[in-house]
1. Roughly how many debye, to the nearest 20, is the charge dipole of segment 38-171 about its Cα centre, given +1 on each Lys and Arg Cβ, -1 on each Asp and Glu Cβ, and no other charges?
2. Rg and Dmax of segment 38-171 over Cα atoms: what are they, in angstrom?
3. Where the only charges are on Cβ atoms (+1 Lys, Arg; -1 Asp, Glu), what is the dipole of segment 47-106 about its Cα centre, to the nearest 20 debye?
4. Near the amide H of SER93, under 5 Å away, which other amide H atoms are found, from residues 5 or more places off or on another chain, if H is placed in the peptide plane?
5. Want the number for ALA41 to ALA53: 0.36 nm per residue separation, take away the alpha-carbon distance, what's left?
Amino acid sequence: MLKVVGAAVAVAAALALGGCSLVGSSANPQPTSTVPAVLSALVPTYPAKLTPATAKKETVSAADAIQGLIASTDVVHVDNHEELVAATKSTGSYYGVERVISTSAGFDVITQAQAMEKLLVQAGWIERDTSTSTAGYTVALSTYTNAGAAALQLEADETPGSAPVIAIVLESPDLPKS
């Protein structure tokens, strides 16, 4: 107990002599960003005038950052598909990335996906739907950008007898009609 009290006195003396103040003791505190810079890479920043090139750049960049939440030592293989998806009668064209990431045996992809979801929500994604089973977990998220809504689906599958995988499916906002 005396060591703790002595340490507290030493810290207080050092602060007083050094002219430092305690955190939060400023008379005029400045606001701080609610999203740490590290997390901001998890959310694409599409410009208002979206082009196929900027849709690709931002979608791939965000997918890379999201995949980066999985320790590279646990990644065995990445099956990556990227494409500009043509418009249909009911949807506009968009840029899409689908990655199926196989991980090492025994890696708990469900817990990993749930942890990733928490970080994605903290970064600015909005959770839309989740589904859990004994062998899988799925979460659908969206975010709003200057160009419109982007969609993300994160799936974890640890079906017995198969390699555990996490799938990332990310879609840009619809591109303007030509």
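Read-outs: derived from the displayed coordinates by stated rules, not from any lab. All values derive from a computational prediction rather than experimental measurement. Positions of Cβ are backbone-derived with ideal geometry, glycine not excepted, and every protein chain shown enters the neighbour counts.
1. Charge dipole, segment 38-171, about its Cα centre: 500 debye, nearest 20.
2. Over segment 38-171's Cα set, Rg and Dmax evaluate to 14.8, 46 Å.
3. It works out to roughly 320 debye.
4. Placed amide hydrogens put ALA87, LEU175 under 5 Å from SER93.
5. 2.5 nm is the gain from fully extending ALA41 to ALA53.
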